[in-house]
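A quick write-up on the structure given underneath.
The values are calculated or read from the model by the stated rules, or taken from the named source; none is laboratory data. Just so you know, these numbers come straight off a predicted model, no measurement behind them. Cβ sites come from the backbone with ideal geometry, for glycine too, and all protein chains shown count toward neighbours. In case anyone asks, the SASA skips ligands and DNA or RNA and just uses the protein heavy atoms, side chains included. Shrake-Rupley method; radii C 1.70, N 1.55, O 1.52, S 1.80 Å.
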Amino acid sequence: MRSFEELLKESSSIHGHHCAGQVLGVRMAMVGCREVGIQEPKGCKKLVVYVEMDRCATDAVQAVTGCSLGKRTLKFLDHGKMAATFINTETQNAVRVLAKDDARALVKLYAPDAANPREAQKQAYRVMPEENLFSIQTVLVQIPEQEMPGYRGARVYCDECGEGINFHREVRTGGRTLCIPCARGTFLPNSNGLSKPETNPKVLLIVGSKKVGKTTLIEKLIPELASRGHRVATVKHHHSDFPVSVDTAGTDSWRHRQAGARSVALVTPTDLALFHNTDESLALDRIVANFRCTDIVLAEGFHLEPYAKIAVMGDADGDPRLRANRNVIATVGPTMPGSPVPSFEQGNVRPLADHIEKWMLGKFESPKTSPQGHLGFVLHSPLAAAR
Ligand SMILES: [Zn+2]
Ligand SMILES: [Zn+2]
């Protein structure tokens, strides 16, 4: 391998400027290659590097190792950490090199005369002993076959956007093959769903008698639907007319309300709570209109609202109120004789989530209404529409 000075010069010229990141990245790459037994990384086809940062140092690692995204030898893990893992795919030797946080505190010691903090970092990282600068850890990395540089895989097409997908990056969900952004609902990762167009969320009511397990079901459905890329919101109907106690007396927001504000938003760095005086009982669609960037709203109660419902059954007879209920798309709990809709177990929400996904995508088959239907389900039948 060429000398540090030579590599630094080349790396800074590729990167566009000379910075502390170049010094750190060049040293990091030299250490990584040495530790996995690669004398000359350029042109060697056995090195794969996973970088955990997209900073100046990343360019230095690329310049020194010759690994690149295009060659599939440089992999980016968006961890926001100043670390890189070097893997010799021939010997399976691998090390993770992490820049130590403590090194920053030592900068002054190694560059006492520097003109400014930036210069100090550049100078100090050049001369700081390796053990002060990096923590080096031997790791065991099994690169998946489809991640290997020369891998060729079948090309498939996304059922939603029609774009081609390579290297098995497709996601299979609800019987469909989707690309990652279509499955996640956003084009960019970590964008909190904001880039997904705002659509009216689907509303699904979870209905049933008291203490029949509605909340438990919702608790299980939320992570299951979220893991499939859906943004879930919930609404809970509470019958007591006590004021919501989060907004405690004496706090400023409480005083705003007492002074007559109809709505008060309480904002913290992590939460937003909106208090709204409901002098009339709010229709669900007005509540749901407040949810932005949501795919599905699970509402507990509201059984008289004209939305699709999942009926949680306490026994095979079910709740008599449900007999008058239309738009039940499934039941959970004991199966009712003659029920025209599918019945699911409380303990296993996956099949139920599959069913909900089909309903969300509008690919839902209306069950045939049974003439002797115990509950009088009339889902999507022309008769129901005429009534
Ligand atoms: Zn830079
Ligand atoms: Zn797609």
Leading residue by the ranking (farthest from the chain's Cα centre (by Cα)) among those in segment 73-95 that are over 21 Å from residue 150 (Cβ atoms) and crowded, with 21+ Cβ neighbours inside 10 Å:
95
Just checking: which of the strands (runs of 3 or more DSSP E) contained wholly in segment 203-301 hold 3 or more residues that are modelled with pLDDT of 80 or more and under 20 Å from residue 354 (Cα atoms)?
232-236, 296-300
Need the failing condition index for residue 306 against (1) at pLDDT 80 or above; (2) buried (at least 18 other Cβ atoms within 10 Å of the Cβ), just the number.
(2)
Keeping to segment 37-56, report how many residues are more than 16 Å from ligand 1 (Cβ to nearest atom) and under 19 Å from residue 8 (Cα atoms).
7
Residue 13 - would you say it is among the hydroxyl-bearing types (Ser, Thr, Tyr) and within 15 Å of ligand 1 (Cβ to nearest atom)?
yes
What's the total number of residues in segment 16-31 that are away from ligand 1 (no atom under 14 Å from the Cβ), open to solvent by 20 Å² or more (accessible area, probe 1.4 Å) and in contact (Cβ under 8 Å) with a residue 40 or more places away in the chain?
1
Only one residue in 78, 102, 59 is within 12 Å of ligand 1 (Cβ to nearest atom) and either out of contact with any Lys or Arg (no Cβ under 9 Å at 6 or more places or on another chain) or among the basic types (Lys, Arg) (or both). Which one?
59
Qualifying residues in segment 132-165 (those that are assigned to a helix (DSSP H, G or I) and out of contact with any helix residue (DSSP H, G or I) (no Cβ under 7 Å at 6 or more places or on another chain)) - the one nearest to ligand 1 (Cβ to nearest atom):
147
